[in-house]
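These notes are about the structure you will find just below.
Every number in this text was worked out from the coordinates using simple rules, so none of it is lab data. Predicted model, so just to flag it, every value in this text is computed and none were measured. So basically every Cβ, Gly included, is an ideal-geometry build from the backbone, and we count neighbours across all protein chains shown.
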Amino acid sequence: MKILLTHGYFLCEDEIEQKILKPYPPLGLLYVSAYLNEKSITHQVFDTTFSTIDDWWSNLLKEKPNLIAFYVNLMTKVRVIELINRIKKEPSLTAMKIVLGGPDLTYNQENYLAAGADYLIIGEGEVTMLELVNTLSDNGDISNITGLTYLENNSIKKNPPRAKLKDLDLIPNPNRAAVPIQKYLDCWKNAHGQSALNVSTQRGCPYTCKWCSTAVYGQSYRRKSPEKVVEELLLLKETYQPDTFWFVDDVFTVSHKWLRGFNDAIKATGLEIQYECITRAERMNDEVIQLLKESGCFRVWIGAESGSQKIIDAMDRRVDVNQVRDQLIATKKAGIETGTFIMVGYPGETYEDIMLTAEYLEKALPNHFTITKSYPIKGTQLYTEIESKITVKPDWNTTTDRQINFERKYSDAFYRYAIRYIYNRVNLKKQQRNNSLKIKVRIKLFISSIMLRILAK
């Protein structure tokens with residue numbers, strides 16, 4: 001059986017990312033590839049990131065795999081569906097079986113099957129993919145494969161869920177050799193002066209934020225041993241010499257015991273790295289900040305989402321906004337860059353809450369922050385709570401959950417100006433701190449402030 005693993009992200013189509021230029025290899029796909037390699041399953045990987053659809057299509061027509069597996073997420077969903085449609089219309093590919101895996105499948109299984117997929121891998125994909133390949137090769141019974149959904153006689157069959165992998169040390173490192181890593185490194189280096197690679201140390205998140213999807217790994221916490229992680233980092237340094245690492249874990253400092261072990265393992269090997277990570281304020285303290293600094297952390301993102309405790313509680317974030325502020329300040333004081341995430345437009349948010357968010361950011365003054373307008377991902381508690389209030393639910397095949405809109409207190413224009421206002425207010429504060437005031441920022445802040453007040457009425 002000829003097998004092709006691929007995804008649907010094309011950098012050449014992403015105008016926003018072409019300005020940011022911080023692409024990372026598709027780790028989920030590469031974990032599956034590594035697992036198949038370990039089990040001696042011959043396959044190919046076509047990384048679309050630096051390719052074009054024409055190149056991808058030419059390769060597909062040339063190779064004509066028996067089975068093609070796509071990794072799908074919110075960002076790539078629409079493009080993957082278009083590629084599936086193209087495959088289905090090509091006479092020479094009618095025998096090809098299409099497998100999908102990834103976080104967007106769990107709560108959209110019927111839609112993906114209707115879009116042309118033959119098999120859906122729900123949850124962690126390594127073992128399910130292996131069993132599917134072996135069973136199809138032997139013309140066996142796929143009804144025994146846990147974590148698999150498929151059509152049988154025009155009826156949807158959902159096999160029992162796959163048990164979560166317990167010992168992550170037993171999973172081989174991602175098969176990074178299957179993709180053009182040097183292109184990723186060069187892209188970063190040329191745009192930012194430093195190259196970066198992504199690394200995963202854990203699966204799952206034990207927290208309960210209502211807007212966050214746990215579709216693949218569930219509300220769990222499983223992690224590679226510190227020694228195994230350092231072993232992977234050493235290999236990456238030796239093989240690719242990246243300047244920095246990005247730990248993709250949801251809460252890097254969730255276990256202080258693990259962090260101590262990680263720091264000890266780094267010191268024991270003499271490894272010197274720079275990395276950035278994400279965490280939560282209540283899993284930070286002076287000791288943790290010191291451990292992060294000693295192990296090479298140059299930037300930590302501490303989630304906040306809002307400067308209003310009322311909204312944080314509505315999200316079920318279970319954290320004190322003052323604690324977030326204080327840890328951002330303490331981390332920055334220790335010499336580690338800080339970043340945070342902000343969300344506007346969450347149900348129940350008012351003009352006053354927006355003001356509290358701006359005030360919170362002024363006090364914390366992180367080096368970096370991002371702001372997004374909240375949107376409901378299907379399967380989350382937020383989606384369940386606002387489902388009856390959805391005002392815009394566009395065509396599923398051509399849009400993503402980002403385009404879903406629901407009844408909010410204010411207009412879309414209000415939230416656009418809210419984002420501008422917060423950015424302008426924080427930028428002005430930074431300029432005041434640096435004694436580099438610019439009249440342009442004052443004017444922008446004045447305009448956004450006036451418009452926000454008008455739209456709030």
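Per-structure values
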read-out: Within segment 273-405: Cβ-based charge dipole about Cα centre, in debye rounded to nearest 20 (Lys, Arg +1; Asp, Glu -1); value: 240 debye
read-out: Sequence-distant lysines (8 or more away, or on other chains) whose Cα lies within less than 26 Å of residue 378; value: 77, 157, 158, 164, 210, 310, 389, 393, 409
read-out: Structure-based [θ]222 nm, the chain - -39500 (n - 2.57) summed over DSSP H runs of at least 4, per residue, nearest 500; value: -13000 deg cm²/dmol
read-out: Mean Cβ count within 10 Å, highest first, over the residues of peptides 410-416, 10-16; value: 410-416, 10-16
read-out: About the Cα centre, charge dipole magnitude for the chain (Lys/Arg +1, Asp/Glu -1 at Cβ), debye; value: 1540 debye
read-out: Protection proxy ranking of 160-166, 197-203 - average other beta-carbon atoms within 10 Å, highest first; value: 197-203, 160-166
read-out: Using a Förster distance of 25 Å, the FRET efficiency for residue 333-residue 436 (Cβ separation, nearest 0.05); value: 0.75
read-out: Residue-span extension gain [residue 293 to residue 169] - 0.36 nm each, minus C-alpha spacing; value: 42.1 nm
read-out: Cβ-defined net charge surrounding residue 218, 11 Å radius [Lys, Arg +1; Asp, Glu -1]; value: +3
read-out: Relative contact order computed over segment 3-158 (Cα-Cα under 8 Å; 6+ residues apart), in percent; value: 22 percent
read-out: Proximal lysines relative to residue 237, as straight alpha-carbon distance under 24 Å, when same-chain residues fewer than 8 apart are discounted; value: 22, 183, 189, 224, 228, 267, 293
read-out: Helix 181-192 vs. the chain, principal-axis angle (Cα, 0 to 90°, nearest 10); value: 20 degrees
read-out: Taking segment 168-388 and dividing mean pair separation by its residue count, relative contact order in percent (alpha carbons under 8 Å, at least six apart); value: 18 percent
read-out: Exposure proxy order (Cβ contacts within 10 Å, fewest to most) of 420, 86; value: 86, 420
read-out: Dipole-positive endmost among 335, 346, 307 within segment 306-351 (Cβ charges, Cα centre); value: 335
read-out: Per the chain, cysteines lacking a partner by the 4.7 Å Cβ criterion; value: 12, 187, 205, 277, 297
read-out: Within segment 3-158: Cβ-based charge dipole about Cα centre, in debye rounded to nearest 20 (Lys, Arg +1; Asp, Glu -1); value: 200 debye
read-out: Sequence ranges 90-102, 114-126, ranked by mean other-Cβ count within 10 angstrom, highest first; value: 114-126, 90-102
read-out: Gained length - residue 189 relative to residue 18, 0.36 nm times residue gap less alpha-carbon distance; value: 60.2 nm
